[in-house]
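Inspection log for the structure reproduced underneath, given as structure tokens.
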Amino acid sequence: MEKFVDIQSLLKGYYNIDFPTSIFQLADFLQNYPEEELKIDLGAVRVSPSGLLSLILNPKLLTENFKKLALLHFRYYRDLPEFFTYLHGDCDGLHWGLLLDDPSIGFRGAASYYNNDGDEITVYSSIFSALIDRCEEELEYCDECLADFLEGEDEDYLESDSSRR
């Protein structure tokens, strides 16, 4: 993507790898989203930009001093060396990252795991697959909460309705 050429070049210099176009596409999408709506919508699926994505969205962070710490930037205690964080979740160290198993081949997709809860890693074919999966999880959770709420409300309504007679 043309507008991120300078940032791509800096990241290539810091990490000595080419990052996938999809991370820049996501950054472009987020930059073009109305700011107030973005906070609400990202909050609804309980994620926020972190690590690599936060660097792309705020290139002022990419200073010469940053280069000294580039390999540690937004690293979690249990992160695999080939894991590059780009989103942070809402609890227990949940975060998503790009996977770089073999630098000669490039990134193979994305993954997520809970840093504080153990070692199960979920792998996705792309960062967009990971986001879609997160949205679906949150929608399922909302449906469950709504179903529980409506069950309780029906009983309360029936009790209050019968007491009015």
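No value in this document is a laboratory result; all are computed from the given coordinates. Computed from a predicted structure; not experimentally measured. Every residue, glycine among them, receives a Cβ derived from its backbone with ideal geometry; neighbour counts consider all protein chains shown.
The table below lists the values:
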read-out	value
Electrostatic dipole magnitude of the chain [Cβ: Lys, Arg +1; Asp, Glu -1; Cα centre; debye, to 20]	1460
Rounded to 10°, Cα long-axis angle of helix 21-31 versus longest principal axis of the chain	60
Cβ-Cβ FRET estimate between residue 102 and residue 33, R0 fixed at 45 Å, reported to 0.05	0.85
Computed [θ] at 222 nm, deg cm²/dmol, the chain (DSSP H ≥ 4; -39,500 (n - 2.57); rounded to nearest 500)	-16000 deg cm²/dmol
Residue-count net charge about residue 118 - beta-carbon cut-off 11 Å; Lys, Arg +1, Asp, Glu -1	-3
Matching label, percent of Cα pairs over 27 Å apart computed from the structure shown, candidates (1) 21; (2) 77; (3) 34	(3)
Pair residue 21, residue 3: separation of 7 Å Cα→Cβ label points (nm)	1.7
On Cα atoms only, tilt of 35-44 relative to the major axis of the chain in degrees	60
Virtual paramagnetic centre 7 Å along Cα→Cβ of residue 46, amide N under 19 Å, in region 101-131	111-123, 130-131
Cβ-defined net charge surrounding residue 43, 12 Å radius [Lys, Arg +1; Asp, Glu -1]	-3
